[in-house]
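The values are calculated or read from the model by the stated rules, or taken from the named source; none is laboratory data. None of these values were measured; they are calculated from a predicted model. FYI the Cβ positions are ideal-geometry reconstructions off the backbone, even for glycines, and counts take in every protein chain you see.
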Amino acid sequence: MLASKLPDVGTTIFTVMSELARAKGAINLSQGFPDFDAPPELLDRVQHYLRTGHNQYAPMMGTPTLR
């Protein structure tokens, strides 16, 4: 058996939050993997914006039309 080179970090905040979300019946978005599919309309909208070059973080000062 190979020995792990990763440090023993114990219980992480992700484990704690996942357990809390499960216990409360909440949607857990803390790690970016919800347990349901996105609505088709949302997927279409995301694909549109990715194809038209909107695939970066917003400017530091924000988007002018949204200010």
> Among the residues of segment 11-61 satisfying the criterion of being surrounded by 10 or more Cβ atoms within 10 Å (Cβ to Cβ) and among the aromatic types (Phe, Trp, Tyr), which is farthest from the chain's Cα centre (by Cα)?
Replying inline: Tyr49
> Hey, Thr12 hits all of (1) at pLDDT 85 or above; (2) in contact with an Asp or Glu (Cβ under 8 Å, 6 or more places away or on another chain) but one; which does it fall short on?
Replying inline: (2)
